[in-house]
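Everything below concerns the one structure shown next.
The values are calculated or read from the model by the stated rules, or taken from the named source; none is laboratory data. Remember, it's a predicted structure, so these values are computed and weren't measured experimentally. Cβ coordinates were reconstructed from backbone atoms using ideal geometry, including for glycine residues, and neighbour counts include every protein chain displayed. Accessible surface areas use protein heavy atoms only, side chains included; no ligands, DNA or RNA. Shrake-Rupley method; radii C 1.70, N 1.55, O 1.52, S 1.80 Å.
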Amino acid sequence: MNVLNEIEALIPDLRRYACALTRDRDAGDDLVQDCLERALAHHRSRRPDGPLRAWMFRILINRHRDLIRRAPRAGHLVAVDDLPVEPGRPAGQDSYMALRETEAAIARLPEDQRRALLLVALQGATFDEAAQALDIPRGTLMSRLARARATLRTMTGRDGTRPVSARPIDKSKDPSP
């Protein structure tokens, strides 16, 4: 398989990851386009023995970092309904609310933790692939993943406690008849 065919096969994964990073389908597509242009322009600088997938994801992540540095700080949330990948069957209201809560919690993670979590959890990258794509040691990736997962458990109340807004009201203390 030649390099162009291999790159073409990676486009769906790049798009999914870019949309998750940017939380905007159009911005994600623009990011993938930038990534592909950069990869084709600099394909000769790639180590021939290095994995193409990690190289492409590193380009995508670096382009995303460049865009973040240049962009104004105000961001926006994207509704779950607008995400490119939908569940296989409609979820019940509890599942839908849990998904929304998790989506909001992921958006509040620090950028380095969010990138690591999305690469491993959404893209299914191995730890070595994710570490290489993020250009960090494997141990650093593992600690970022652990912190991200612990933070998500705390933010969503899945660490054995409930988030403050989800605690039930104690009606025994209600003074009304």
Picked from region 1-29 (must be assigned to a helix (DSSP H, G or I), in contact (Cβ under 8 Å) with a residue 24 or more places away in the chain and of a type in the set (Asp, Glu)), the residue surrounded by the most Cβ atoms within 10 Å (Cβ to Cβ) is 13
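Quick grid of which residues meet (1) assigned by TED's automatic domain parsing to the domain that holds residue 18; (2) open to solvent by less than 60 Å² (accessible area, probe 1.4 Å); (3) modelled with pLDDT of 90 or more; (4) under 16 Å from residue 20 (Cα atoms):
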position	(1), (2), (3), (4)
67	yes, no, no, yes
81	no, no, no, yes
87	no, no, no, yes
97	no, no, no, no
114	no, yes, yes, yes
128	no, no, yes, no
138	no, no, yes, no
Give the number of residues within region 140-177 that are in a helix (DSSP H, G or I), modelled with pLDDT under 85 and not hydroxyl-bearing (Ser, Thr, Tyr).
4
Looking at region 30-46, is at least one residue farther than 27 Å from residue 108 by Cα, of a type outside the set (Lys, Arg), outside the structural domain of residue 133 (by TED's automatic domain parsing) and open to solvent by less than 70 Å² (accessible area, probe 1.4 Å)?
yes
